[in-house]
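All remarks here apply to the structure that follows.
Please treat every number below as a calculation from the coordinates, not as lab data. The shown structure was predicted, so the numbers you read here are calculated from the model rather than taken from an experiment. Cβ placement follows ideal geometry from the backbone for every residue including glycine, while neighbour counts extend to all protein chains displayed.
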Amino acid sequence: MVTDLFNTLEQKLELVLSKVNTLQEANAALQKSLGEKEQALKEAEATLARVSQERETVRDRIDKILNRLKIIDTGESA
């Protein structure tokens with residue numbers, strides 16, 4: 001009878017340990033995935049910052065060209 005109780009306890013302990021191991025593996029996989037997603041996000045943010053800077057540079061150049069055209073247009077009107 002005592003032996004049966006120990007066997008049952010050992011079986012339940014093995015089941016719990018197996019579940020803990022499975023959860024630890026799942027957690028490790030999720031941590032890895034999270035790290036990859038965070039890296040991808042950092043890269044996307046860097047790309048967005050670079051594109052925004054390039055767009056601002058283009059906008060400034062267009063404004064300068066338009067201002068030069070206004071000066072030319074004003075000079076011809078006078």
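Applying both filters, DSSP loop and at most 13 other Cβ atoms within 10 Å, to the trypsin sites (Lys or Arg not before Pro) of the chain eliminates every site. Against the chain, whose longest principal axis comes from its Cα atoms, helix 2-77 is set at around 0 degrees. Rounded to the nearest 20, the Cβ-based charge dipole of the chain about its Cα centre (Lys and Arg +1, Asp and Glu -1) stands at 400 debye.
Shape class of the chain from the alpha-carbon gyration tensor: prolate, with a/c at 1.5 or above and a/b greater than b/c. The residue among Gln24, Gln39, Val58 whose Cα reaches farthest toward the positive pole of the charge dipole of the chain, with charges on the beta-carbon of Lys, Arg, Asp and Glu, is Val58. Counting 0.36 nm for each residue step from Gln53 to Asp4 and taking away their Cα separation leaves a gain of 10.3 nm.
Grab the other residues whose beta carbon is less than 14 angstrom from that of Val51, score K and R as +1, D and E as -1, and report the net.
Combined, the nearby Lys, Arg, Asp and Glu give -1.
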